[in-house]
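Structure first, then comments.
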Amino acid sequence: MFHRSHLWLLAPFGFYCVALPWANRLRPAPGGVPFLWLWLAGATLLTPAAVWLAYRGDKRRGGRG
């Protein structure tokens, strides 16, 4: 069943797919690392946080878990 807390799961999708063409460039390169690499690393770190927030929302409304 879909609940409002599941909207957190759209954040990683947005970081990986929707904004990827915008982030696919070599400059700026903070610290000499291509911007795309930093963008993907940030999206990878965001994913567990988004899953945890969705899980917490399910648990608060009495879902299984």
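Worth a mention:
- Residue-span extension gain [Asp58 to Trp37] - 0.36 nm each, minus C-alpha spacing: 4.3 nm
- Between the Cα long axis of helix 35-60 and the first principal axis of the chain there is an angle of about 10°, rounded to the nearest 10.
- Potential lengthening between Ala49 and Asn24 on full extension [0.36 nm per residue; Cα-Cα distance subtracted]: 6.6 nm
Coordinate-derived values only; no laboratory data. From a predicted model like this one, the values you see are computed outputs, not experimental measurements.
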